[in-house]
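Here, each number is a calculation from the coordinates, and none is a lab measurement. Here the structure is a predicted model, which means the values were calculated and not measured.
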Amino acid sequence: QQARKQIEEIKGRVDQAVGDAVRRPQELAAADEAEPALSASHKGKKTFESAPPPPPPPPPDESDIMQGTDFAEEEREVSKTESRHSRMQRSRGSEEYKGSKASSKAKSEKSLEADLSSSESESQGDDWPPKPPILRFRAQCQFSTQFKGEEQMAKERAARKAKEDKMKQLQGGHDKIEDYTLTWVNIYFKLEIETENQFEAAFPLILLSMIDVIYVKKVRWHQVDWNAGYLHALHKNHILLENIWREVNMDKLRDFRADNTDMRIENTVTASIPEKLDFLKQVKRWFDMRVRHSDEYNPIARRTEIERQVRITGRVMKFPSWMLYDKEAVQASRAAKPEPKKRTG
C-alpha cells in the first residue's frame, strides 16, 4: 500500500509538471499583451516583477518503480505471516484461557476450603463444651445394649449359646460305639459306622434307608445332601427326614406316639448319642415287623440306582467314606449313554 501511494504521488507530480509546462507559454504571451495597457493606466507606479516559476520535478526512474513493487510484495508476505501468527496466538490464547480458568477454579476451591477450615476452627474455639466424636456402628450397637431389658438380653444369650452348641455338634469325639443296634445296621445296610462323629452324620440317612425299604419311592434321594461330614448337610438331611416322617404318618404308629416315647423326630437333632441309639432301637422294632411284607432289599444295587437318579437331575454326588457301594457299576452307569425316547403315535 505504501508503494502504491508513492507511485501515485510521483504520477501526480509528473502530471502537474507537464501541465505547468503547457500553461507557461500561454501565460507569458498573455502577460506581454497586457503590459502596454498596464503601463498606460498606471504610470508612475512601480510594478512588481512576478517570481519565476519553480522548476518541474524530475521524472521518476524505472529503478524507483521496481523498488516500489518489490516493497509491495514484501508487505503482502509480511501481512500473510502476521495473519498466521495472529491465528496461532488466538488458539494458544484460548487454551491458556481454559487452563487459567481451571487453575483459578482449583485455587478458588482451595481458598474456600481454607476459609471453611479456618471458620470451623474459630467456631470450635468459640463453642464449649466441644462436640463428641461420631461413634462407629459397632460402638453404637454396644452403647444401645443398655436400653435392652434383662429378659431380652437373657433370651439373646440363650439363643447365642444354642447356636454355638449346634455349630459344635459335628465336632464330637472319635470314640468307638459298641452297640448291638448299630452293628445290625452296619451289616444290613452295608455301612462302616464306628465312631460317634460318623454316627451323628449318618443318623438321618439310616432312618431314610429304613423308610425306603418299607415305603418304596417315598424318599426323595435327590434332595439329600451327601456331604455328610458338614453341619449344613446334617441340618438339611434332618429337615428332609422330618418331612418324609410326617408324609408316611409315622407319628400315628403305636411305637412313636407321645404316650409310649418321650423322643420326637424334631428333637433328634440336638439329642445325645445314647438318646439317638434308643430311638434307633424303636425304629428297628417297627422295621422288623414291616420288612416281612416288603420285597428283597440289596443296599449296593439300590445305591447304584440312587446315583443314577441323582445324576439325571443334574447333580453330582459322592457317597460318604463309611457307605459301601459298587464303584464299577457306578462308573459303568455314568459311562452309559441315555436311552433314546420312544416316539408315540
Here the stretch 190-206 yields Karplus 3J(HN,Hα) values (6.51, -1.76, 1.60; θ = phi - 60°; whole Hz; Gly and Pro given as x) of 6, 10, 10, 8, 10, 9, 5, 5, 5, 5, 4, 6, 8, 4, x, 6, 5
Projected area, mean over directions - the stretch 175-228, Cα convex hull, nm² | 3.9 nm²
Taking the Cα atoms of the stretch 191-345, what is the range of coordinates along each of the three principal axes, in descending order and whole Å?
-> 56, 38, 24
Using the Kirkwood radius over Cα pairs, work out the Stokes-Einstein diffusion coefficient for the stretch 172-282 at 20 °C and 1.002 mPa s, in µm²/s as a whole number.
-> 148 µm²/s
Which of the residue pairs Lys218/Lys252; Lys284/Lys318; Lys163/Lys252 have a Cα-Cα distance greater than 22 Å in the structure shown?
-> Lys284/Lys318; Lys163/Lys252
